[in-house]
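Presented below is the structure to which this report refers.
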Amino acid sequence: MDKKLSTLVGLTITATNIVAIATLMHLRHESKGIVSALNPAHLDSQNAATSISPAQTHAVAPQVRRVPASTPSTQVQQVRQKAWEKFRDLFGRDLTATFLPDGKIASINRPAGASAKKAHSKFNVQDREEVIARAEEILRAAEELIGTNSRLPLKNPQVKQGGLTLDGRPRFAEVSFEETFNDLPLAPYGSVTVQLDGEGELRALYSHYLDEVQVGNKRVMDSASAKDYLRSQISGDEKIKGGRSVIWLDSTDTTAQARYAYEFYVNGVQTIVGAEPGEKIERRDRKTH
């Protein structure tokens, strides 16, 4: 009897191990399905120099994890495919796209040498208002692809120009929009960036848009109090600048907690202070001058 009992226990433990291993292999397989094609230049767009070079616009995208809430239904996929075809009809059939697992656009690119729809015969890439208007026109056409909604609107367009011609005129422009929640910008994710050439044609679009944000803290401190708290945590000779209110996200996972925070620069290094006393101070390796 003892021998039979020992054999039965051994088989039970072995079966349990097999189930655990199978579960881990399934989770590993699921994680491989995550796709991302986000351009690093736009994670740092707020603090970059006022001019950009052509090399920056073709930087290799990092693998930033972005987990979809669910796989889109066949009907949703068909609607987005139809929207993509319509978008290509408007802005160029040679455009290519990278899609996330949830069916939303991560990036749109026009291959080098490909033709594009002409925007306006008299488009002025030096005119900031005209550049923003063109970028907004493209965003409206891409709403279904990006997944934008009224609860998290895109605001605060920032324009950069680069690639100067021999006579000093820019060859292209870039417009970055901030995703907002309760009128506060999301950071460092949530931006959508549109790149235009000198004729107003679409060169590229990069989206970090999140369609859901849940804030996990309260705005107990104002910017001045947050600065005082930060000052108490660092050496007295360090210079503190900034203090704008943001919704800070540690990642683009749909399960990631957002929090009310304030963005400072300590000796030029980005420093994030949560809006509740005692929260962890986060310093990122990004400098401004």
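The values are calculated or read from the model by the stated rules, or taken from the named source; none is laboratory data. Keep in mind it's a predicted model, so treat the numbers as computed, not measured. Here Cβ is always computed from backbone atoms with ideal geometry, including for glycine, and neighbour counts include all displayed protein chains.
Of the residues making up region 186-197, those that are under 12 Å from the mean Cα position of the chain (by Cα) and closer than 13 Å to residue 209 by Cβ number 6. Taking the numbered list (1) of a type outside the set (Phe, Trp, Tyr); (2) modelled with pLDDT under 95; (3) out of contact with any strand residue (DSSP E or B) (no Cβ under 6 Å at 6 or more places or on another chain); (4) within 30 Å of residue 139 (Cβ to Cβ) in turn, residue 202 passes all entries but (2). Taking the conditions exactly as written (surrounded by 14 or more Cβ atoms within 10 Å (Cβ to Cβ) and either closer than 27 Å to residue 174 by Cβ or in contact with a helix residue (DSSP H, G or I) (Cβ under 7 Å, 6 or more places away or on another chain) (or both)), does residue 215 satisfy them or not? The answer is no for residue 215. Surrounded by 14 or more Cβ atoms within 10 Å (Cβ to Cβ), under 27 Å from residue 258 (Cβ atoms) and out of contact with any strand residue (DSSP E or B) (no Cβ under 8 Å at 6 or more places or on another chain): does that describe residue 190? The answer is no for residue 190.
The set of residues in region 104-147 that are modelled with pLDDT under 95 and among the hydroxyl-bearing types (Ser, Thr, Tyr) comprises 115, 121.
Could you check, for region 261-281, whether at least one of its residues is more than 27 Å from the chain's Cα centre (by Cα) and either outside any strand (DSSP E or B) or in the same structural domain as residue 106 (by TED's automatic domain parsing) (or both)? Checked against the condition, which is being more than 27 Å from the chain's Cα centre (by Cα) and either outside any strand (DSSP E or B) or in the same structural domain as residue 106 (by TED's automatic domain parsing) (or both), region 261-281 yields at least one hit. Where strands (runs of 3 or more DSSP E) fall wholly inside region 80-173, the ranges with 1 or more residues that are charged (D, E, K, R) are 154-164. For beta carbons closer than 6 Å, sequence separation of 6+ or different chains, a first residue in region 201-215 that is in contact (Cβ under 8 Å) with a residue 40 or more places away in the chain and assigned to a strand (DSSP E or B) and a second that is among the basic types (Lys, Arg) and crowded, with 18+ Cβ neighbours inside 10 Å, the qualifying pairs are 203/110.
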